[in-house]
Amino acid sequence: MLLLFDFFFHVRTAHTPTLGEAAIWSAVYVGIAVLFGLGVWLLGGATLGSEYFAGYITEKALSVDNLFVFLIIMASFKVPRADQQKVLLFGITFSLFARTAFIFLGAALVNSYAFVFYLFGLILLVTACHMLKPGTTTGRSANNIIVRLAKRFLRTSETYDGDRLFTIDQGRRVMTPMLLVMVAIGGTDVLFALDSIPAIFGLTQSVFIVFTATAFSLLGLRQLYFLIDGLLDRLIYLSYGLAAILGFIGVKLILHALHENNLPFINGAQPLDVPEIGTAASLSLIAGILIVTVIASLVSVQIRAARAVPPIPQIQPEAAGSVADGARDVHDCEEHPADGGAT
């Protein structure tokens, strides 16, 4: 329902959202997600409520990281600013359907095979290490295999035709670059789900919580894109914060896998008595990492900007006197020119 409302009342007519519009609707969607979480907390208990908020915050942070890649894809395809809303809404809708399928698949695997927790933990640890590579501003790549295949095999017209997916070019019906960029965004979303879904399964095994936290983290992403478009390049430490979060959840998954172990080559297929990290501790740590990451990024950018501005030179008193004397000499010469210069 919210997606349909978004389409008919905001995206159907192409326009560039103002900062105020983006801020208001971002706050509305976040407010709806928070109210839903409070309802889960009151009706389902503190544990379920903590799992929801931990999952929502984690998925929202990963979604913001995705915006870096969306921004690069939009720029590379030169999508008109007014039409970017429709591309983003398509990507969000496609992502919601794709992640729903991944959620049910992940739940089936988790319920049937305990070793899947090892696999999920390993995926998150590898992703975290990738995010820590030097020179990496974001953990994801905009030049992924989906984008490369789309550019290679989908032939389109040279220019956009509004927000149309097909147009007539030299008497033939051809695809427009709008369809190409939608394929690229949708395919990229599927790749993002490969670490997003394991991350939230590391915080809860409730399919209801996994789905709702994921869905609410995606809703409002379009408005958030236009709200923080100018701030994305300032979150210079976001990849490090996300690496810490994914690494933490990866360790949590592996500890849970050891606690539920049934692999014959590990402790003779017997569970290990290892400590497990509680949901409240997970929620506090994830929120703390994100707060520190954002503050550190913004402060660092301000410090670098201040250092980049050259200081205004100060004129010493002696130098100021010399300048004043020189000015008076010039003034005297103009009032009393030399005799040789008279005619």
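The values are calculated or read from the model by the stated rules, or taken from the named source; none is laboratory data. Since the model is a prediction, treat every value here as computed from it, not as a measurement. Note that each Cβ is placed from the backbone with ideal geometry, even for glycine, and that neighbours are counted across all protein chains shown. Quick note on the areas: whole protein, heavy atoms, side chains included, nothing else; ligands and nucleic acids left out. Shrake-Rupley method; radii C 1.70, N 1.55, O 1.52, S 1.80 Å.
Things worth noting here:
- Elements of type helices (runs of 4 or more DSSP H) contained in segment 172-229, each with 2 or more residues being modelled with pLDDT of 85 or more: 177-201, 207-218
- Positions within segment 89-98 being under 13 Å from Thr214 (Cβ atoms) and aromatic (Phe, Trp, Tyr), in sequence order: Phe97
- Residues that are surrounded by 21 or more Cβ atoms within 10 Å (Cβ to Cβ) and not hydroxyl-bearing (Ser, Thr, Tyr) were ranked within segment 232-243; the one that is modelled with the lowest pLDDT is Leu235.
- Tally of residues being touching a helix residue (DSSP H, G or I) at 6+ places or on another chain (Cβ under 6 Å) and either hydrophobic (A, V, I, L, M, F, W, C) or on the phi > 0 side of the Ramachandran plot (or both) across segment 245-262: 6
- Of the candidates Ser322, Ser300, the single residue that is modelled with pLDDT of 75 or more and surrounded by 11 or more Cβ atoms within 10 Å (Cβ to Cβ) is Ser300.
- Residue match in segment 67-88 (condition: within 17 Å of Val210 (Cβ to Cβ) and crowded, with 21+ Cβ neighbours inside 10 Å): no
- Residue match in segment 45-58 (condition: in a helix (DSSP H, G or I), open to solvent by 10 Å² or more (accessible area, probe 1.4 Å), within 14 Å of Ala193 (Cα to Cα) and not acidic (Asp, Glu)): no
- Residue in segment 66-79 that is outside any helix (DSSP H, G or I), out of contact with any Cys (no Cβ under 6 Å at 6 or more places or on another chain) and modelled with pLDDT of 80 or more present: yes
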